[in-house]
Structure formats: C-alpha cells, structure tokens
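The values are calculated or read from the model by the stated rules, or taken from the named source; none is laboratory data. Note that the structure is a prediction, hence the values are computed from the model and not measured. All Cβ positions, even for glycine, are placed from backbone atoms using ideal geometry, and neighbour counts span all protein chains on display. With ligands, DNA and RNA removed, areas are computed over all heavy atoms of the protein, side chains included. Shrake-Rupley method; radii C 1.70, N 1.55, O 1.52, S 1.80 Å.
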Amino acid sequence: MAAEGGGKEMNEIKTQFTTREGVYKLLTHSEYSRPNRVPFNSQGSNPVKVSFVNVNDQSGNGDRICFNVGRELYFYIYKGVRKAADLSKPIDKRIYKGTQPTCHDFNPLTATAESVSLLVGFSAGQVQLIDPIKKETSKLFNEERLIDKSGVTCVRWVPGSESLFLVAHSSGSLYLYNVEHTCGTTPPHYQLLKQGDGYAVHTCKSKSARNPLLRWTVGEGALNEFAFSPDGKFLACASQDGFLRVFGFDAAELHGTMKSYFGGLLCVCWSPDGRYIVAGGEDDLVTVWSFSDCRVIARGHGHKSWVSVVAFDHCTTSVEDSDPPAEFSGSDEEFHEQIHFAGGRDRANSSQSHLSKRNSTDGRPVSVTYRFGSVGQDTQLCLWDLTEDILFPHLPLSRTRTHTNVMSATSPPATGSATNTTTTTTTTTTTNPPGTNGNNTVSSSSGNSGTLSNSVPAPLPRSNSLPHSTGPAGGSTTPNSHMSSKGSSIIDSAFIATGVSKFATLSLHDTRKERHEKDHKRNHSMGHISSKSSDKLNQLSSAARTAKADAAKTLGTLLCPRMEEVPLLEPLVCKKIAHERLTVLIFLEDCLVTACQEGFICTWARPGKVGLLPSQNPTNSPSGTVV
C-alpha cells in the first residue's frame, strides 16, 4: 500500500517502513558518499551506481563497496549495519577527465583481501580493468573507441569466468571481451554468425586473437541493461525500443520476448530460481514475465515516473508446503538456511534447487512468495510480493493463506467453446527454467488456445493479495511461443523493432492516458527540434504515427497484453526515501542498499538486525583527503 496521508506528509522523506517481516530502518551513520558529504550537483551526470564484493577477509569484515559520483569513483570497506561509515579513509579514489564512469562490476571469483578485479565502463565508450586494492590499472579496452564510440550502459563479468566479460553500449550493441586479448589498432571486421528477429551476432575476423570476440546487435536504440540468469546460461536484455529479449547465451538463440506497455525498458532482473524476470521502464510499471511460459503474468503499478532499478530479494523469497498450518512468514528463517549469500551482491544459487524441488508438479499445493523491489525517478521505493495466487492461478489456494478474498475473473464460456482460460498444449520437449537441473534445450512445442468468450470478463485482481483464479481474461494466446528444434525465433509475426517507440502513446484507461500524457510530457516533447526544421518535424510526426500503428499491433497479444488481461499488483510498500531520483537498489543479507543521484548511498537494516546507536558513531571529520 502507498504511504497514507496527503499533502506535506506525502512529500516527507521516510526513514523507516513496515512489512510483514517487521520494520526496516534507515541507518543514518552507515551512509556512504563523497568524503565532504556535500550533495552532488547531478545535472548532466550519469546515474550513481553501486557494486559490492566480498573478499573473504578472515576478520569478518570482507565486504567492499564501489560507487561512482560524477567524474569520481570511490572504493571503501563496507561496514553495513555493524559499524558507522568512515568516509575519511577510502581505500581508493579516482577522478577522471573528459569522461565519466557509468557502471562497474567486481569479479567474485578472483576477489581476495589483497586483490580485486573491477571493470569500469565510461560515457565515452571505454572499459577499464582496475585493482583498487593494489591501486593498479591493468588494461584499458576500446581505448581508441574503434570498437564502439557510444557510452557504456552496462558491464558484467560472465558468470563462472575469470577472464570473459560483456559490455553493452547505448548504440544497442553488446560485446564479449577476454581480458587476455588486445583490442587491436584498427577497427574490427565482423562476420555474421547468427541472425534472428531483432538481433544479429557477429564474430570478429582476425588472424590472431583479439577483442571483441563477439558483437551482438540487439533491437533498436540503446541497450539499457542486461542480466545473466542465476545459472549463467541465459541473458535478459532490456532495450530502449521497449522490448525484453531473453537469449540462450552460449548458443546465441532467442528464447522469448516481451514488449513494454509504453516507452523503453530501463532495467531487468531474474528471480533467484530463474523462473521469472521482472523489467521496469518508461511506462512507470514493473512487468513480471514467466521464463517457461514466455508470457507476461502480472504488472505492478505504484511508481509515478520511470522505474530505474528492479531487484529480487532472495532472503525474503519463500516456499512452503500448505499442509502445516503455520503462518506464511514463518518460513523465512527456515528458507534463509537454504540460501548462502556470496560476494555481497550475488543471487543465491542454492535457492534454485530448493524452489525447483518445492514447485514440482507432485499434486501438493504450495505457498510461494517472491519478494522484489523497485526504485524510480519519482524518488520512491516500492516492495512487491509475487504470490502463488498469481503464479499458479489454476491451483487451489494454500491453506496457510487465510486472509485472502477470492475474486473470480472467469467469464461465462461461449456456447460450444471452452472457457477463455482453458489451454490445451501438446509439448514434445519442455523448457526448464534456468537454474534447475533439467534440460535447458528448447525444443518444438505446439499449443491450441481456448476459444475466446464473447462476454466481457469481470475485472481481474488488482492486488497481489487477491487470488487470480484464471489465466488472462479476454482470451490469451498459447502460453508457450512456438520454437523449432533448431532454436529458431519464438517471436510472433507481429514482432516489432522500431527505434521510435518512445513516441507511442497507448491508453490504459482514459484517466491513465491523461496521467501518462502529463507525467511523460517532458519525455515525449519535440520542443528540442528547431521550429524551422519543418521537414524534420513532418518526418518525426510520420515516424510517431508509424510507431503508434506498429505498437497497436502488439497490444493485446502475447508480447504486450492489455492492462485488463493480466493481474495488476499493488506495492506492499511505496515510500519516498530521497530528494533526487533513485538509481540503486541492492538486497543484502542483513540490509538493503539504495542510492540517489545526489551521491548518497543509504543502508536500511532488516527487521531484527542490530542497528547503530548514535554513541557508536566514531568521530568523523572528513577532510576530503584521498588516497
């Protein structure tokens, strides 16, 4: 539920919030920022980002934090909920000229108390490999910008590898690098390796090994963020053209896709067991997508502006059989024992087998909750629960959930036809979600959806606490997209890859349309174009009309269901926690971490975790002196 009250209270910065687990509290003495603690003038700067790594320090204080603010990059010991932050002693600080850090990522495999490998992407397109403990700069990739001249939007180490990493650019390209190879002194030449709807993969033609190893061209416009599945076998990409594309990484094959309701997608994350993907973006929504069914299963509405980060909370995600009449939240502590937090930020792979085992189709009802969070440019933090009434709408409700009200969303079937939610599917080989022990190879499947009902369905559940007893109302297409045994594209013939989808304006309802037009006015304004450029205006107007027409083709399909066709989640928590737009949300074992564009990184202690007392705060007199 959103914060109660209105007026002044709605604009107050919250320092605590309550969930079913208890009270989360902001630890003011655990705030990290620039040493002088002066708010950063964020105008024209890249978003503040935060990375964590655990160096397995025997002292028990092995967490390290890296964050960028403007042209500066900081590296500190992260003390979390245990001790107050000492900003006068950064382990490393770097100030860059002519470019700004945009993103960074630690390699957890090689991290030790004496050395860490940190990748840093920059606004001018370069990628730097540094060791902030040794204060060394190992290598600089794309130094002459011969590979890509656009800014780096996301950089990640390939899971399980000490040398391979992946870099996304605002050009829409994705490059695979090896730290052992050079980039060459001439622009690379490419050879087509694989091509599909909305993407192409090229290899680098060279007599000797050089970077990049591969170039992916994904969609139209910037590739804003990508995320590996927990098992590292799949790659989810969120693009400015509004599409979520999920690939089998090694085979470079498209597994599935989804279209945003409006505008570009800015962020993406996987559930700890790899069964679900959540994406957020310029439609102010969070969208939940099923990996196995390749379809949208829910949307969440709570933000008033663009959603900048989504993340799953592996510590609060819980699964339990419905037979014991215990409280739903009582499984949290037991479930924590199944999860081992590694590297300070890594998703817990040990939860995969636990969730997969308990979700097996053995006929026993299960009680499931996935917790995820989101932050946005509206300065609000939202927490969401994805429950079994949304995940398994055809299964009987768990007996442990005794406080829910059943709202039927079933419309009477048309004469001689099945209900609009009945689906008959004949599958040769099923696709297991990443992270399970099953075969992840996608094989051919065919399905026949039920005939649509002519009657208007009743409203779907509007909250994650209201069970959804049927599938998407109004008739859905097949739950699984068609794929050939060779791994061909599963995208519908209505697939769209236009670079002007940001001009499309789709109405949710009349009131939603008015709100979107108001909230996004600045984002879709053409005021930056000279009034003298009438030809360009006409061209853009034509492009906007084309985008609207193309977007209308996907609306109501498996790619982009209508708002009334899927459950609409309401946030458990929706609180304003900053003065400037939020850019970071990371769930750790004993806290969650947020950051805003002013350069303040905040720690929120989980319920039951010992917080800091003012008397525990050591004398801090940040002088601005850096190493």
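Note on region 202-216: residues that are touching a His at 6+ places or on another chain (Cβ under 6 Å) and either assigned to a strand (DSSP E or B) or open to solvent by 60 Å² or more (accessible area, probe 1.4 Å) (or both) total 3.
Does Gly44 fit the bill of being under 28 Å from the mean Cα position of the chain (by Cα), at pLDDT below 95 and within 18 Å of Leu585 (Cα to Cα)? So Gly44 fails the test. Within region 75-89, does at least one residue satisfy the condition of being open to solvent by 40 Å² or more (accessible area, probe 1.4 Å) and under 22 Å from Ala227 (Cα atoms)? Checking region 75-89: not a single residue is open to solvent by 40 Å² or more (accessible area, probe 1.4 Å) and under 22 Å from Ala227 (Cα atoms). A search for C-beta distances below 6 Å between a residue of region 154-167 that is on the phi > 0 side of the Ramachandran plot and touching a residue at least 24 places away in the same chain (Cβ under 8 Å) and any residue that is open to solvent by 30 Å² or more (accessible area, probe 1.4 Å) and in a strand (DSSP E or B), counting only pairs 6+ apart in sequence or on different chains, returns nothing. With respect to the stated conditions, Tyr177 is within 30 Å of His314 (Cα to Cα), at pLDDT 95 or above and hydroxyl-bearing (Ser, Thr, Tyr). Here is the figure for region 28-46: residues that are under 17 Å from Ile577 (Cα atoms) and crowded, with 20+ Cβ neighbours inside 10 Å total 3. Scanning region 129-153 for residues that are under 19 Å from Ser171 (Cβ atoms) and either polar (S, T, N, Q) or in contact with a Ser or Thr (Cβ under 6 Å, 6 or more places away or on another chain) (or both) gives Asn142, Asp148, Ser150, Gly151, Val152, Thr153.
Checked against (1) touching a strand residue (DSSP E or B) at 6+ places or on another chain (Cβ under 7 Å); (2) closer than 30 Å to Cys204 by Cβ; (3) of a type in the set (D, E, K, R); (4) open to solvent by 30 Å² or more (accessible area, probe 1.4 Å), Asp131 passes all but a single condition, namely (4). Which ones in region 90-104 are buried (at least 22 other Cβ atoms within 10 Å of the Cβ) and within 15 Å of Ser117 (Cα to Cα)? Matches in region 90-104: Cys103, His104. When region 50-69 is limited to residues that are crowded, with 18+ Cβ neighbours inside 10 Å and of a type in the set (D, E, K, R), the one that is nearest to Thr99 (Cα to Cα) turns out to be Arg64. Can you spot a residue in region 114-121 that is over 28 Å from the mean Cα position of the chain (by Cα), under 19 Å from Gly62 (Cβ atoms) and surrounded by fewer than 19 Cβ atoms within 10 Å (Cβ to Cβ)? Within region 114-121, one or more residues are over 28 Å from the mean Cα position of the chain (by Cα), under 19 Å from Gly62 (Cβ atoms) and surrounded by fewer than 19 Cβ atoms within 10 Å (Cβ to Cβ).
For region 567-579, taking the residues that are at pLDDT 95 or above and not in a strand (DSSP E or B), the one that is farthest from Pro39 (Cα to Cα) is identified as Pro567.
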